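S.K.: Please see the structure below; I have some questions.
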Amino acid sequence: MEKFEKKGNRAAKTMTQENGNNRDDRMHKNFRKINITEDPEEKRDPAESQPDDKEGKTWTAEEDASTSDVDALKEDAACARQEAAENHDRFLRACAELENYKKRAQRQMDDHRKFSNTELIKDLLPVVDNLERAVAAFRENRQTTEACMAEGVEMTLQEIQNILKKHNVTPVESQGKPFDPNYHEAVMQEPSDAHPENTVVNELQKGYLLHDRLIRPAMVVVSKGASTK
């Protein structure tokens, strides 16, 4: 019995030691886990956690440069808007002036069309007055001779020709001239021993030029040359 009791005591003591060793191993492992899971920032050098003054200063300079660029762009945009507004205002004024000029030019053109012959008409009015007085005198005195009537008509014709000449209207010379389709309109042809072929032998109606422009061609008779028997 004593042997069994001694053996039991030794076994119990051995188990107690083993349990204590196991408990120590577990505590050592837990302590290692705690060390591993600690914040690495706590062991970092305090000097490393301090911001670099140079980097901070560089960032501040870049920020200032960016701010100045933005201000410059805003100022340029404001100037551009002001210039655009001024240009738009000048454009509107120019359009208004152009429109007024068009209206004024149209009125002047219409007036010119209406009254361009004013001077000619004013020069013709005295001729009309003379003709009216001549007709009135002839009605009052039926005994007016044919010579006086012819003289009065010649004087009126001369006055009209002077007015036409004053306004740069001149007759086309046709009689005895070579036929020119630019100035003559051939009405008929007839043989003529006195004129060569294609020559104007008679003028039925005068042609007239205004300055150098033909306003009416002369109606003429053209020679076919000498007659053949």
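S.K.: Multiply the residue separation of residue 211 and residue 128 by 0.36 nm, subtract the distance between their alpha-carbon atoms, and state the gained length in nm to one decimal.
M.R.: Values: separation 83, 0.36 × 83 = 29.88 nm, distance 2.50 nm.
Gain on extension, residue 211 to residue 128, equals 27.4 nm.
S.K.: Could you give the size of the charge dipole of the range 87-169 about its Cα centre, using +1 on the Cβ of each K and R and -1 on the Cβ of each D and E, expressed in debye and rounded to the nearest 20? Can you show the working numbers first?
M.R.: Numbers: 14 positive and 14 negative charges, 124 e Å.
About 600 debye.
S.K.: Multiply the residue separation of residue 101 and residue 88 by 0.36 nm, subtract the distance between their alpha-carbon atoms, and state the gained length in nm to one decimal.
M.R.: Working: separation 13, 0.36 × 13 = 4.68 nm, distance 1.98 nm.
Extra length from residue 101 to residue 88 when fully extended: 2.7 nm.
S.K.: Please give the net charge around residue 179, taking every other residue with its beta carbon less than 14 angstrom from that of residue 179, where Lys and Arg add +1 and Asp and Glu add -1.
M.R.: Details: positive: 177, 224; negative: 173, 180, 185, 190, 197, 203.
That works out to -4.
S.K.: Here's something else I'd like to know. Considering amide H positions built from the backbone, and no H for Pro or chain starts, which residues 5 or more places from residue 192, or on another chain, come under 5 Å of its amide H?
M.R.: Here 224, 225, 226, 227 satisfy the definition.
S.K.: To make sure I understand, if each residue's beta carbon is the centre and we count other beta carbons within 10 Å, what order do 195, 167, 211 fall in, fewest to most?
M.R.: Values: 195 19, 167 13, 211 9.
Arranged by neighbour count, lowest to highest, 195, 167, 211 become 211, 167, 195.
S.K.: Using modelled amide H (1.01 Å from N, peptide plane; none on Pro or chain starts), what sits under 5 Å from the amide H of residue 216, excluding residues fewer than 5 places away?
M.R.: Counting only residues 5 or more places away or on other chains, the set is 208.
Rule-based calculations on the coordinates, nothing more; no lab input. Values in this document were obtained by computation on a predicted structure and should not be read as measured data. All Cβ positions, glycine included, derive from the backbone under ideal geometry; neighbour counts span all protein chains shown.
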